[in-house]
Every structure is written in C-alpha cells, then in structure tokens.
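S.K.: Quick one: this structure, given as structure tokens, is what I'll be asking you about.
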Amino acid sequence: MNPQTHVRYEAALKVTGQARYEGEVMPPGMLHAALVESPVACGEVLSVDAARAETVPGFATIVTRADSESLRPSGATALIREKAIHFHGQPVALVAASTGSQAREAARAVHVATRVQPAVTHLDQAAGAAFAPAAVGRFPAASRRGDPSRALSEAELIVRNRYTTDVNNHHPMEPHAVVCWWEDHRAVVHTSTQAVFATRASIAHAFDMPAGDIRVLSRFLGGGFGCKGQLWWPWMFWAMLASRKAGRPVRLELSRAQMFTLVGRRQATTQDLSLGFVDGRLTAIEHDVVAQTSTHADFSDSTAVYTRLLYACPNVSTAHKLVRTNEPHPVPMRAPGTAPGTFALESAMDEAAGQLGIDPLELRMRNFAAHDQESGRPWSSNRLLECYRVGAERFGWARRHERAKSKVGRWTVGFGMATTLYPAIRQACKARVRLSLDGSLVVQCGTQDMGSGTYTALGQIAADALGIPMAKVTVELGDTWLPDGPFSGGSQVTASIFPAVEAATSKLRAMLANLAVGDPGAPLGGRRPQEIEFRDEMVRGRSSNVAERLVDLLARGPADGLAAEGECAATDHQALAATGMGYGAIFVEIGVDAELGEIRVRRVCGTFAAGRILNPLLARSQFIGGLIGGIGMALHEQTVTDRATGCILGKSFTDYLIPVHADMPEFDIAMIEEDDPHLPGGVKGIGMLGTAGIQAGIANALHDAIGRRVRHLPIRIEDCLASAY
Ligand code: MOS
C-alpha cells in the first residue's frame, strides 16, 4: 500500500452538522439529568433529602447511593456505592426531570448532610506517606541496572535537579454525555467513550447482565485525550438507573466545570533526576518520581519508564511513588508518562550540555542507545539519529545563533531542542469487510474515531487493498454490534486495525480471485489466482492487459455479495523479539518579551520516525495536534486547587488556558520513512509522539533566550519577567 493523502472521511458530515454525536440522540419522552455534588472534599454522606427537590416542576426521579446497592461492587461502582466522600464535587445523587434546567434546579434543592473530615489538598501535605504503586501502566514501578550511586560518585559531571509538573485536565471540546434507555431487560447506551467494548463490559459487570443485552454506541467523538474511559462510568450507571426507575430514556451531559472533577486529570509530579557523565557520555541516571493519586484508587503514569531506555547508559535506577490527596483521580492524559518524564530528562540533558560545553544536539547523538538497554532487545526499528540530522538541517540548528538576531522587535529569541518517543504496540482487533454487488464496500470495526482520523484510516486500508476508490467506501465504527475493536488510546488504533483489515481484505481478495479465474468464459478464466491484482475497481492479470470489472465478477457470486472477517492479536510483551518505539526530534524557536513576561513559540520543527505512514495528511495533522497539546502543557494549562477547601478554582476556560490559534507558531513537520520488519505492516502509532519533548524544547529555548532555567510546568509569566532573572 502506498501512502495516500485522503481527506477526512467524515469531514463533510462534521462541517455540515450531520455527524450525530451521541449526546444529540433525542429519543421521545427523554428526561434530563443533573448531578448533586458534594460541598466538601473529605468525609461521609450522612443523608440525602430530596423532599424539596420533588416539588420542583418536572421532577421525575432521584438516584442515590441506596439505588447503587443493586450494582455489583467493583472499582467502577465504588464511588457510587460507598458513603465516603473523596473529593470536592464528588456526585452524591443524580436527579432527572423533564428539562435540563428543571433537573439542575431540582439538584440544587437536594439537601445533603455530611460528616466533614480534614482533607489533604496538596501533594506536599502527605509526602511522608508516599508509597510505591503495584505498577506503572504495564511496567514495573521501579527499575535498576548497574550501580547508579557508585557511578554518580565517580562521574566527572553530575546534573542533579528537581522538576515539577502541575495538574492538567483533558478538556475535549465535547463533554461526556450519555443518552440511555431500557428495552425490557436490554440496555441501549449512547455515550461519548473511547472504548465501547470496555464500557459494555463495565455495564455487564455492574448490572450483572449478559454483554449481549447491552448495546453501546459512540460513533463520533469531539476528542478524548484519555478522559473518556472508566471515571465516567459511575455517573453513566446512575443515568441508567434513573432511566430504569423512571421507565424513560435519560440524558446526562457534564458541564465544563464538571470536566475538571469527574473524568480524570493529568497527575502532578515531582521528579528528582540525577545524570552523571564521563567524557560527555551518560554513566549514571537516577530518576525518582512522586505523583498525586486520589484517596479511592491508585494511578501512576509511566513517567520515569522512558528514562530507562532513551539513552545509552549502564547504570540506571528509576522509581515511582504516589501520594494520596482528596483531589480528583488521575488517569492517562495526552502522552501519559512521556510528557512529564521527557520534560525532566530532556531539560536535564540540556543543562548537562551547557555545563559540558557540548552542543545539546551533539550530546544526544553521542548518547544514542543502539538497542533497548533495559530489556537487552534490539529496536524493531529506530531512526532517531536520522530525525536529529534531518530536523537540525530543516530548522537551521547549527546556524541558529548566527542566523537570528537575539532581538527581533520586542522579542528576545532563543532556541531549544528535545527528543520524544512513544511505544509502538497494538491491541487485539477484529474487522469485517463486505463487498456488495454494486461494487461498494463496507468496512466495520467496533473502535472509535476521537477526531484523529480512524474513519479515514480504516476506509483507506480496505479500499487500497481491494483497488476501490474511497468514494465507494462506507466505514462503520463505534458500536458494540460491530466486530470487537480496540479502545481509542495509547496511539495504538491504526497499528491494531491495519493487520485486522489486511487479514479481512486478503480473504476477500482470495474469494474474488477464485471467482475471476474459476469461470473459463471470463476474461481471466483459467489463470492462477496469484496472478490477479486489484486496481481501479477491476481485477487484472499482473503480466497482461486482461481485466474484469469487480461488478461483473460479483454478479457471478452470492446474491448478497462477499464478506470476510479478519483479526489480529494484541502485542505479546513476553514474546517480543524487538522493542517497538517511535521517535522524534523537536526543535523550537521562542521569543520572550521580558517587559510583559510574555513567551511565544515562534517556530517548531518536528521530525518523526514512526514506521510506515499510511496517510501523510492525517499524520501531519496528528503530529501538529500533539505538539499543540504539548505547548498547552508547557505554557498554558494548569488546574488549581484551593488548598483550604479542596475545591478546584476557576472551573472554566476563562481561567484554565488552552492554546488558541493566535498562540500557535509555524509548524514544520517531517516524517522519516521506516521499514520495520517486526511490526505488522510496519505501522507504529503516532498520536502522542508529538505531545512529549516539546515541553523541554520550550524550557530549553527559554534558557537559551534569557538564561533562566525553569524546572516547572507550566512556565508562567512571572518566570519570564526581566525582574525574575
Ligand atoms: Mo490516551 S492518554 O491513550 O487517550
């Protein structure tokens, strides 16, 4: 398959408003729901009194902890089955009414009595109680190779610093919503989720019902970034319970303010990092991370995991610890692990380069890891050195200081660079393709498109395999009636669907080839099926001009056309012969206005090596989207907790800043071709590759511009004011 620049399959549907998001489904008789939130951050619910709420016009029903007792206990139901209050704003009841405003009014009229306990509202408050989590994602929480403390004591240069990153929230444009109803014992659940099958499994478990009686749909999403998963489930269960109680469909949509508390966050981190060098080579790394988790569950990003393998170094130890606070629970968010982790590592490499008098790019190239030093395995492919070379050339890295004046108008200009990486793995996936007599193709997979291009990728893989134009392809996603597909996350979807669709289309090609050669009177009759190729809606002989139209061929087959299913297995991490990683080099130019403390990203060059690129247009868009998220983390996004009450402050886009067009620089994106023999189709994920590295690139450029080293994110105005340095 050749890389093809197809525009988004669903672009016209979205810009014309025809794409139906699940929260826009409007069944007749639908009730609207609102959540009653805890006014305290820690304690217990004593009672919920709905007497006044019941008098509000339109009131239909209320669901509380008492109703949740019918649900099976699990991590997904704990928050709605137990009395404990873990964070400010934790829902204690759900009210359904005829309209949304009636539901909100009734929710305000519910009286909640609580027993209040002192809340832990900051990481530092409970630092003494830090504990090691069981694991960080799929990795061990701690690692050690060699003797890092001895190597540090023998190093010529030690760079030892603390880096901190603050809490961020995901904030997809579309908030979470559910529209649900019951058909006898069967449930229909339209909800904005990154994982229809995992959502179905959670419902099946909680309600103790067969998965086959549940249909979950999520056909269009206005973004996800990691928050449209498990933390949404309890509130969705309550909407389902309300629907069952009222005997009517129920709709719940979170407010923007609730998107700060109810669906997860990027955890704050404190990272102590030491690098030891001898002769410009890394001889020791110690990376210790302390991060926030909630009082009801453990979550740790894989923050220091990539420090284990990014550079060649014989003595490395990493560790993760967690601290419980009465704040909302963290979940993966946009480059989980790599974004905060590379901020520390790539900032420290820059500090080391300065102290060693070695160019930061040269230092990285000198410390390139030729294989995965943690597992001892070779890389499945790794063209990071090529990324450095090509990116530096495009950006003009070597001539950066001679080319640019350090002052451009009011801007003091600086340059920085950093490395990014992300694992290339895949999930189990099934896909179905169906070719109708009119030559149109339907491709089906129960994965989702978060807005990242899955419709297009799925359609074009199948279309290209069968020589059919995209205009004749229908793609169906986001429905548990479709074959089991992967959750949309971990930059794994394209790598997962590719082998499944290839398996399905190759079965279909075999059926078509047999039809083509099987009829002695047909143009290709009597040839060997291996000689058949598929192009321009025709089957052709490879070595001749003879061809037959697909529609003529299909007319000789079954009346309902031809269909086939394919599947692929998830990455077997135990059996891997090689470590799959995508890499990139990020080069950044920034300007600082020291009078205003304003910092502006002027230019970014991202050069990425991430396997085979199926659709350069989509890939470029993904890389730019990732970089924008990284710029947001570096300069804009910060969730602030009121330390007195545990309440999140400024729960709106007025106070929580996200990058807008006017903040964005010129992006130069380059993709280095990789031919990876270890991964099916040579496909690596790219979604979150651009989201890491850039943070350190910006901090490094800031140091280059004004000589000030900022070791926390986000970088703030006061860090850049002339009076600060
Ligand atoms: Mo993502 S943070 O894997 O949705």
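The values are calculated or read from the model by the stated rules, or taken from the named source; none is laboratory data. For clarity, every value in this text was computed on a predicted model and none was experimentally measured. Every residue, glycine as well, gets a Cβ built from its backbone with ideal geometry; the counts of neighbours run over all protein chains shown.
S.K.: Considering each residue of the range 286-308, count those that are more than 30 Å from Gln117 (Cα to Cα) and surrounded by 22 or more Cβ atoms within 10 Å (Cβ to Cβ), and give that number.
M.R.: The first filter runs over the range 286-308 and keeps only residues more than 30 Å from Gln117 (Cα to Cα), leaving 286-288, 302-308.
Checking which are surrounded by 22 or more Cβ atoms within 10 Å (Cβ to Cβ) leaves us with 286-287, 302-308.
Count: 9.
S.K.: Still on this structure, I have one more. Just to be sure before I move on: is Arg308 farther than 18 Å from Val159 by Cα, more than 16 Å from the ligand (Cβ to nearest atom) and at pLDDT 95 or above in the structure I sent? Please lay out each step first, then the result.
M.R.: Values: farther than 18 Å from Val159 by Cα: no; more than 16 Å from the ligand (Cβ to nearest atom): yes; at pLDDT 95 or above: yes.
Against the criterion (farther than 18 Å from Val159 by Cα, more than 16 Å from the ligand (Cβ to nearest atom) and at pLDDT 95 or above), Arg308 does not qualify.
S.K.: Also, quick follow-up: Among the residues of the range 431-464, write down those that are polar (S, T, N, Q) and more than 16 Å from the ligand (Cβ to nearest atom).
M.R.: From the range 431-464, those polar (S, T, N, Q) are 436, 440, 444, 447-448, 452, 454, 456, 460; that's our starting set.
Those that are polar (S, T, N, Q) and more than 16 Å from the ligand (Cβ to nearest atom): Ser436, Ser440, Gln444, Thr456, Gln460.
S.K.: Kindly state which strands (runs of 3 or more DSSP E) lie completely within the range 91-176 and contain at least 2 residues that are of a type in the set (D, E, K, R) and over 18 Å from Asp301 (Cβ atoms). Step through it out loud before you land on a result.
M.R.: Working: elements: 91-97, 111-116, 143-145, 157-165.
Those strands (runs of 3 or more DSSP E) span 143-145.
S.K.: Please verify whether the range 349-357 includes one or more residues that are touching a residue at least 40 places away in the same chain (Cβ under 8 Å), surrounded by 23 or more Cβ atoms within 10 Å (Cβ to Cβ) and away from the ligand (no atom under 16 Å from the Cβ).
M.R.: Start the filter on the range 349-357 by keeping residues that are touching a residue at least 40 places away in the same chain (Cβ under 8 Å), which leaves 349-352, 354-356.
Those still in the list that are surrounded by 23 or more Cβ atoms within 10 Å (Cβ to Cβ) too: 349-350.
Restricting the remaining residues to those that are away from the ligand (no atom under 16 Å from the Cβ) gives 349-350.
Scanning the range 349-357 turns up at least one residue that is touching a residue at least 40 places away in the same chain (Cβ under 8 Å), surrounded by 23 or more Cβ atoms within 10 Å (Cβ to Cβ) and away from the ligand (no atom under 16 Å from the Cβ).
S.K.: Also: Identify the single condition in (1) crowded, with 23+ Cβ neighbours inside 10 Å; (2) farther than 23 Å from Ala585 by Cβ; (3) touching a strand residue (DSSP E or B) at 6+ places or on another chain (Cβ under 8 Å) that Gly416 does not satisfy, given that it satisfies every other one.
M.R.: (2)
Residue-by-condition table, conditions (1) out of contact with any Asp or Glu (no Cβ under 8 Å at 6 or more places or on another chain); (2) over 19 Å from Gln267 (Cα atoms):
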residue	(1), (2)
Gln638	no, no
Gly646	no, no
His661	yes, yes
Glu666	yes, yes
Pro677	yes, yes
Gly682	no, yes
Ala692	yes, no
Ile698	yes, yes
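S.K.: Can I ask one more? Would it be correct to say that Pro57 is under 15 Å from Gln258 (Cβ atoms), surrounded by fewer than 23 Cβ atoms within 10 Å (Cβ to Cβ) and touching a strand residue (DSSP E or B) at 6+ places or on another chain (Cβ under 9 Å)?
M.R.: Numbers: under 15 Å from Gln258 (Cβ atoms): no; surrounded by fewer than 23 Cβ atoms within 10 Å (Cβ to Cβ): yes; touching a strand residue (DSSP E or B) at 6+ places or on another chain (Cβ under 9 Å): yes.
No, not satisfied.
Matching residues to (1) in contact with a strand residue (DSSP E or B) (Cβ under 8 Å, 6 or more places away or on another chain); (2) more than 16 Å from the ligand (Cβ to nearest atom):
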| position | (1), (2) |
| --- | --- |
| Glu174 | no, no |
| Trp181 | yes, yes |
| His185 | no, yes |
| Val188 | yes, yes |
| Gln194 | no, no |
| Ala201 | no, yes |
| Cys227 | no, no |
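S.K.: For the range 431-446, give me the residue count where each residue is in a strand (DSSP E or B) and under 21 Å from the mean Cα position of the chain (by Cα).
M.R.: Going through the range 431-446, the residues in a strand (DSSP E or B) turn out to be 431-435, 441-444, 446.
Now restrict to residues that are under 21 Å from the mean Cα position of the chain (by Cα): 446.
Residues in the range 431-446 being in a strand (DSSP E or B) and under 21 Å from the mean Cα position of the chain (by Cα): 1 in total.
S.K.: Still on this model: Please determine, by comparing only the residues of the range 358-379 that are part of a helix (DSSP H, G or I) and of a type outside the set (Lys, Arg), which one is farthest from the ligand (Cβ to nearest atom). Break it down stepwise before answering.
M.R.: Filtering the range 358-379 for residues part of a helix (DSSP H, G or I) gives 360-366.
With of a type outside the set (Lys, Arg) added as a condition, the list becomes 360-363, 365.
Numbers: Pro360: 28, Leu361: 29, Glu362: 33, Leu363: 30, Met365: 30 Å.
Per the criteria, the residue is Glu362.
S.K.: Against the condition modelled with pLDDT of 95 or more, more than 16 Å from the ligand (Cβ to nearest atom), under 24 Å from Leu618 (Cβ atoms) and not assigned by TED's automatic domain parsing to the domain that holds Leu618, how does Glu565 come out, does it pass? Let's see the steps before the verdict.
M.R.: Details: modelled with pLDDT of 95 or more: yes; more than 16 Å from the ligand (Cβ to nearest atom): yes; under 24 Å from Leu618 (Cβ atoms): no; not assigned by TED's automatic domain parsing to the domain that holds Leu618: yes.
Considered against the rule, which asks whether it is modelled with pLDDT of 95 or more, more than 16 Å from the ligand (Cβ to nearest atom), under 24 Å from Leu618 (Cβ atoms) and not assigned by TED's automatic domain parsing to the domain that holds Leu618, Glu565 comes out as no.
S.K.: Would you confirm whether or not the range 326-344 contains a residue that is of a type in the set (D, E, K, R), more than 16 Å from the ligand (Cβ to nearest atom) and crowded, with 24+ Cβ neighbours inside 10 Å? Walk me through it before giving the result.
M.R.: Pass one, the range 326-344, residues of a type in the set (D, E, K, R): 327, 334.
From the residues that got through so far, the ones that are more than 16 Å from the ligand (Cβ to nearest atom) too are 327.
Keeping just the survivors that are crowded, with 24+ Cβ neighbours inside 10 Å gives 327.
Checking the range 326-344: at least one residue is of a type in the set (D, E, K, R), more than 16 Å from the ligand (Cβ to nearest atom) and crowded, with 24+ Cβ neighbours inside 10 Å.
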